[in-house]
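Take a look at the structure set out below.
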Ligand code: GLU
């Protein structure tokens, strides 16, 4: 097979958000396709009309685009291909490898319950397969499902990650291909699509392993060659329980809203179950493409650590130029009418933010006056002497010709000398006045960025407030 014939697919069901697990499946398929110079196909498995929504479909598209995962073909919609599944189901009926089943869901449910009460696992009894020609005659015109006739013997397949996997035929029941309302089941639609879309490798989560023997049996019944399968390891939360909502945010969308970069998500997702180079964790998409191989995917469950994702995000922010960071911030929804100022703020805070949202949440004082002041700071730094010094500092700063970090610092030092106080006795209160907080980036650099007007106005506002409180 030529590499260019390699075709993989991502086949999500549009029933909710794009979860971390789904995003990892999409990414591995994409990395594999690009590495092999093959094709990546997007297929929307929306035959479950009740659970599929147009919103969930849009979330899939936007999450993929956000991550930079571009599809070469599709999106194909299973809901538009129902006739095709019906035609193939008819053929399987004709071949005698499938049969009509008239059993009602309620009957089946009751039998299932009865068997379970008796402590046995339920398997369809082939009631309708054993119908006599007369009985079949009597049922003509009644609604029916089409069931696959599972042949005896073992089903075995070589998993590209886990090695050979074998299932006993007796473990499988005659599963439904087409429901009585004419819609296909997942396993059937999946095979017809993987076959007709010429999929060569099916890369999906290990929760699908029990489906694979059923799918292979359909291929065998049709005399088609099945694709190769690669089942990706489970993803657990930090407590080693299956990743779920109680572990916090688990969707791409939620991370995007918090201000995570696609680079960081892609990097973190890629590391969920695969390794690349020894002693290296930071990779960009292009590097992941050239390094990706299914041989490097582990069988062991992977652990998704939100703290680790934060670390990836910080590292990728550090790798960006301030200009790039600025345009990401605006794209993400940050409002600014002074890009020049924003850019200077970012240079200062770039190494201190974890997510884009921090620019607003942690450094709001660059964009608006502090509304409140840290209590401990206020208690320590509002004595008469401090206030007097702040007043003098304000006068000196108003007159300062060059409002640079360097000359601001000189001003501080000389006032400290004049007043016989330590420089920090001016620095700490002013930090509180300018930011409302007791920690910030270096005060002098920060003041240079804030600029004279903001600095002077804030000192004035602070002094006025304290005066009001004291009067
Ligand atoms: N629609 C299935 C899912 O979202 C696809 C499984 C597969 O890749 O075959 O889990």
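Read-outs: derived from the displayed coordinates by stated rules, not from any lab. Nothing here was measured: the structure is a model prediction, and the numbers come from that model. Glycine gets a Cβ as well: all are built from the backbone with ideal geometry, and neighbour counts include every protein chain shown.
Inter-label distance, residue 196 to residue 140: 3.0 nm, where each label sits 7 Å from its Cα along the C-beta direction. For region 238-332, averaging the sequence separation of C-alpha pairs within contact (under 8 Å, six or more residues apart) and dividing by the residue count gives a relative contact order of 35 percent. In the chain, Cα pairs under 8 Å separated by at least six residues give a relative contact order of 13 percent.
Treating the angle as unsigned and between 0 and 90°, give the value, to the nearest 10°, between the Cα long axis of helix 54-67 and the longest Cα principal axis of the chain. With both axes taken from Cα atoms, the answer is about 60 degrees. When the convex hull of its Cα atoms is viewed from all sides, the chain shows a mean projected area of 31.6 nm². Indicate the gyration tensor shape class of region 323-383 (rounded, prolate or oblate), computed on the Cα atoms with a ≥ b ≥ c the square roots of the eigenvalues: a/c under 1.5 is rounded; otherwise a/b larger than b/c is prolate and the rest oblate. Prolate is the answer for region 323-383, as a/c is 1.5 or above and a/b outweighs b/c. Calculated FRET efficiency, residue 461 to residue 400, Cβ-Cβ distance, R0 = 22 Å: about 0.70 to the nearest 0.05. Per-residue extension of 0.36 nm, minus the Cα-Cα distance of residue 290 and residue 275, leaves a gain of 4.1 nm for this segment.
Here each label is just a point 7 Å from Cα along the line to Cβ, and for residue 130 and residue 106 those points are 2.4 nm apart. Summarising the label geometry, the points placed 7 Å from Cα in the beta-carbon direction at residue 249 and residue 159 lie 3.2 nm from one another. Gain on full extension, evaluated as 0.36 nm per residue between residue 419 and residue 372 minus their Cα-Cα distance, stands at 14.1 nm. For the listed peptides 268-275, 107-114, a ranking on the average number of other beta carbons within 10 Å per residue, highest first, reads 268-275, 107-114. Residues 224, 71, 381, arranged from fewest to most other Cβ atoms within 10 angstrom of their Cβ, appear as 224, 71, 381.
In terms of the Cα gyration tensor, with a ≥ b ≥ c the square roots of its eigenvalues, is region 54-119 rounded because a/c is under 1.5, prolate because a/b exceeds b/c, or oblate? Oblate shape, in that a/c is at least 1.5 and b/c is the bigger or equal ratio.
In terms of the mean number of neighbouring beta-carbon atoms within 10 Å, the peptides 342-352, 125-135, 326-336 order highest first as 342-352, 326-336, 125-135.
Between region 397-450 and region 276-345, the C-alpha centres lie 35 angstrom from each other. How far is helix 443-470 tilted off the main Cα axis of the chain, in degrees rounded to 10, range 0 to 90? Tilt relative to the chain: about 70 degrees. Extension gain, residue 49 to residue 170: 0.36 nm times the residue separation minus the Cα-Cα distance gives 40.4 nm.
Relative to the longest principal axis of the Cα atoms of the chain, helix 105-117 runs at roughly 80 degrees.
For the peptides 30-40, 433-443, the ranking by packing is 30-40, 433-443, with the highest mean count of neighbouring Cβ atoms within 10 Å listed first. Label region 238-321 by shape, choosing from rounded, prolate and oblate, from the square roots a ≥ b ≥ c of the eigenvalues of the Cα gyration tensor; if a/c is under 1.5 it is rounded, and otherwise prolate applies when a/b is larger than b/c, oblate when it is not. In terms of gyration-tensor shape, oblate.
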